[in-house]
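Enquirer: Dropping a structure here in structure tokens format, bear with me for questions.
Here, each number is a calculation from the coordinates, and none is a lab measurement. The shown structure was predicted, so the numbers you read here are calculated from the model rather than taken from an experiment. Here the Cβ is made from the backbone with ideal geometry for all residues, glycine too, and neighbour counts use every protein chain on show.
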Amino acid sequence: MKTNKKPILIAVSLALLLFTFYSCKSSTVSEPSPLGPSSIAVMLDVSANPNVIVAGKLDRQTVEITATVSRYDGAPISDRAVFFEILNKNGNRTGLGYFDGKESTQIVATDAGGTARTHYYGPLEGEISTNHDLYIRATVTWEGSQFIQDKTPLYIIISD
């Protein structure tokens, strides 16, 4: 019995062509805005002024730490708790120096301008034996398990 393969081949080719034609339709995808909103849509900026201090013999030098919380469009976010902590260069908490109230951590609410401020008091010369790289990290919790963090460097040198 001889079968004619030509009609079967034409039917399979036509089916593949129709399948390809209908499956390759794609709609245009619009690109998201680079300005957000993201899932959090919040920015956190932390700074230290000054960011280099000297470990004095009798006086602790003070650094003003500022954290600013804003929406992606720059609008300030008030009444948010900012958690400050002191980290060593490896990212671990350290007891070198302290914040207002002689605390190793500090929680400060943002004001109407979205800014939370605290002060870091550096160590005395007798409390350290070498220069130190530190970081002040700020964390703002958001909804659910979301949070944002930023850190600023701080360098402590021993006076001569």
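Enquirer: Determine the gain in length on full extension of the stretch Thr62-Ala11; use 0.36 nm per residue of separation and subtract their C-alpha separation, reporting nm with one decimal. Intermediate values should be presented prior to the final figure.
Expert: Details: separation 51, 0.36 × 51 = 18.36 nm, distance 8.35 nm.
Full extension from Thr62 to Ala11 adds 10.0 nm.
Enquirer: Run a plain Debye calculation on the stretch 42-158 (Cα atoms as equal point scatterers, no solvent) and give log10 I(q)/I(0) at q = 0.15, 0.20 Å⁻¹, rounded to two decimals, same order as the q list.
Expert: The computed values of log10 I(q)/I(0) come out as -0.63, -1.01.
Enquirer: Rg/Rh for the stretch 65-111: what does it come to with C-alpha atoms and Rh from Kirkwood? Please list the in-between numbers first.
Expert: Numbers: Rg = 13.0 Å, Rh = 12.2 Å.
Expressed as Rg/Rh, it is 1.07.
Enquirer: Residues in the stretch 49-68, backbone N under 20 Å from the label point at Thr94 (7 Å along the Cα-to-beta-carbon vector): list them, ranges by number please.
Expert: The answer is 49-66.
Enquirer: Order by neighbour count: Arg93, Arg60, Arg137, fewest other Cβ atoms within 10 Å first, most last. Let's see the in-between values first.
Expert: On the way: Arg93 12, Arg60 15, Arg137 18.
Ranked by crowding around the Cβ, least crowded first: Arg93, Arg60, Arg137.
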